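Computed from the coordinates by the stated procedures, all read-outs in this text should not be read as laboratory data. Every value quoted in this text rests on a predicted model; they were computed, and no experiment measured them. Note that each Cβ is placed from the backbone with ideal geometry, even for glycine, and that neighbours are counted across all protein chains shown.
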Amino acid sequence: MTRPVTILRACAAIVTGGLLLGLSSPALPADQPEAAQASDSGASLSIAPLRIEMDGGDNGATVYLNNSSTRPLAVQTRLFAWSQASGDDVYAPSSALTISPSISMIPPGETQIVRLLRKAPTSPGEKRFRLAVDQLPDPTLARAGQAEARIRFTLPVFLDRSTATPAQLSWRLSDDRIELANTGGSTVRVLSIAVTTAEGRDVPVERNALRYVLGNSTIAWPIGKGCSLGPVHVTAQIDGRTVDAQPTPTCS
């Protein structure tokens, strides 16, 4: 089913490569904060919303894929279970939700409605997924010896957040990283962090962009020679509020 719709836009990641059909576990980038749009060779795909939550009596959710270009767009939509290990995101193909349709051809100027449906009733504990939406390469635009641009969006999907225990956050400093541990059950969204020494000197932080720390998980930001910095102060933007903390050193 398609219909016109107005959707907010922001840039999405563009990755070179080939056809996505059959790809089992792609690298999934962080989501954009509002809505998303991507374009290549005159094609344009935009998506809303960019965060999905199903709670309580919600049995499903709807995603809108809009093609504002002048040619049809082939789109594939897949679900991945989302966890974290050793400070990094981990993804695995999942069939926990029914996605309909999973592959579609969107006519020019039209919007494809994609529905996500539960397979199991509400149960205690937050469930986390990523919905990957891939704009498939157009074979009519293929050129010998050239890889066509491939465009991917990923949307965080949360189920049963209302049944999870609140987030419990703690910060740690080691020689090569700053860690944020969440011993609660609810995921939190970290927009950015700033690290300063006791003297007020800024400490460069790698991977300092939008990230999530899932419940009962830990994420990390690489820094250089953290143990030689002495006490440091962290200011973070978490779930729309400013959080100040002093990480606990774990240096030997």
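Numerical summary
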{"item": "Cα-only Debye scattering, segment 169-249: base-10 log of I(q)/I(0) at q = 0.14, 0.21 Å⁻¹", "result": "-0.40, -0.92"}
{"item": "Charge context of A194, other residues only, Cβ under 11 angstrom, K/R +1, D/E -1", "result": "-2"}
{"item": "Sorted by Cβ neighbour density within 10 Å, fewest at the top, the residues V203, V157", "result": "V203, V157"}
{"item": "Total formal charge among the other residues, if their Cβ is under 14 angstrom from that of I223, Lys/Arg +1 and Asp/Glu -1", "result": "0"}
{"item": "Calculated FRET efficiency for the pair T250/D55, C-beta based, R₀ 41 Å, to 0.05", "result": "0.70"}
{"item": "Label-to-label distance, nm, for residues given as S228 and T197 (7 Å Cα→Cβ offset)", "result": "1.0 nm"}
